[in-house]
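Read through the structure below, which is laid out as structure tokens, and then see the notes.
The values are calculated or read from the model by the stated rules, or taken from the named source; none is laboratory data. It should be emphasised that the depicted structure is a prediction, and the values quoted were computed from it without experimental measurement. Reconstructed Cβ throughout: ideal geometry from the backbone, glycine too, with neighbour counts over all protein chains shown. Ligands, DNA and RNA are excluded from the accessible area calculation, which covers all protein heavy atoms including side chains. Shrake-Rupley method; radii C 1.70, N 1.55, O 1.52, S 1.80 Å.
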Amino acid sequence: MAEDLQIARGTKTEQYAALLPQIRALMEGESDPTANLANIAAALKEQFGWLWVGFYLVKAGELVVGPFQGPVACTRIRKGKGVCGTSWAEERTLIVPDVDAFPGHIACSGLSRSEIVVPIHSGAQIVGVLDVDSIELNAFDREDQQWLEDVVKIIPGVNA
Ligand code: SME
């Protein structure tokens, strides 16, 4: 497909509903993980304008920062540490309405106020997480969780 994104207006539901087929189209025929993760991060950032959108990938027993859009970020996170490491350890999506109230939150940017982290499953394994940060408190809800869990399932090879 053409490498341009149609930015949808309207409700959050309408925005996600317009974005997902475009993400699917971007992944079509491309198997390179870096290329696909980079385009997903860019598409989400462009549509929603969040502070930070990106991936941490499991490498040698740690999360290592992968393709992202936003301010520079910490490079490595251990299992069970921060929101990302906790999502990985608990193998579930974490919605953090106020990062200052999350014990052990790792502040990569002082501007981040709320966060959602979605684990990426590949078979029985967690291979990484999708991390999204907002400058607004309480920016993410169950609807974001649902859609972003659908987004990570689009990544070729991860829902095998
Ligand atoms: N806040 C995350 C660290 C990653 S940055 O937000 C990009 C955490 O607590 O795991």
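Can you find even one residue in region 7-19 that is aliphatic (A, V, I, L, M), outside any loop (DSSP other than H, G, I, E, B) and closer than 23 Å to I126 by Cα? No, region 7-19 contains no residue that is aliphatic (A, V, I, L, M), outside any loop (DSSP other than H, G, I, E, B) and closer than 23 Å to I126 by Cα.
Considered as a group, the residues in region 47-89 that are within 13 Å of the ligand (Cβ to nearest atom) and assigned to a helix (DSSP H, G or I) include one that is farthest from I155 (Cα to Cα), and that residue is G82. Take L44 and decide whether it is surrounded by 21 or more Cβ atoms within 10 Å (Cβ to Cβ), within 15 Å of the chain's Cα centre (by Cα) and within 16 Å of the ligand (Cβ to nearest atom). So L44 fits the description; yes. In the set (1) aliphatic (A, V, I, L, M); (2) open to solvent by less than 10 Å² (accessible area, probe 1.4 Å); (3) more than 14 Å from the ligand (Cβ to nearest atom), the condition left unmet by A25 is number (2). Cβ-Cβ distances below 6 Å connect the following pairs, each with a first residue in region 6-27 that is in contact (Cβ under 8 Å) with a residue 60 or more places away in the chain, a second residue that is of a type in the set (F, W, Y), and a separation of six or more residues or different chains: Y16/W147.
The residue that is farthest from the chain's Cα centre (by Cα), counting only those in region 91-100 that are more than 12 Å from the ligand (Cβ to nearest atom) and open to solvent by 50 Å² or more (accessible area, probe 1.4 Å), is D98. For first residues located in region 72-85 and closer than 12 Å to Y56 by Cα and free of Cβ contacts under 8 Å to residues at least 12 places away in the same chain, partners that are open to solvent by less than 30 Å² (accessible area, probe 1.4 Å) and more than 6 Å from the ligand (Cβ to nearest atom) and lie 6+ apart or on another chain with Cβ distances below 8 Å form the pairs T75/V64. The set of residues in region 1-20 that are open to solvent by 70 Å² or more (accessible area, probe 1.4 Å) and under 13 Å from W147 (Cβ atoms) comprises T11, E14.
Evaluation of G54 against the conditions (1) in contact (Cβ under 8 Å) with a residue 60 or more places away in the chain; (2) farther than 21 Å from W147 by Cα shows that the sole unmet condition is (2).
Looking only at residues that are crowded, with 21+ Cβ neighbours inside 10 Å and among the hydroxyl-bearing types (S, T, Y) in region 102-160, which one is farthest from A18 (Cα to Cα)? So, considering only residues that are crowded, with 21+ Cβ neighbours inside 10 Å and among the hydroxyl-bearing types (S, T, Y), the one farthest from A18 (Cα to Cα) is S112. Is there a residue in region 134-145 that is of a type outside the set (D, E), at pLDDT below 95 and more than 16 Å from the ligand (Cβ to nearest atom)? No: zero hits. Scanning region 102-120 for residues that are without any contact (Cβ under 8 Å) to a residue 40 or more places away in the chain and hydroxyl-bearing (S, T, Y) returns a single hit, S114.
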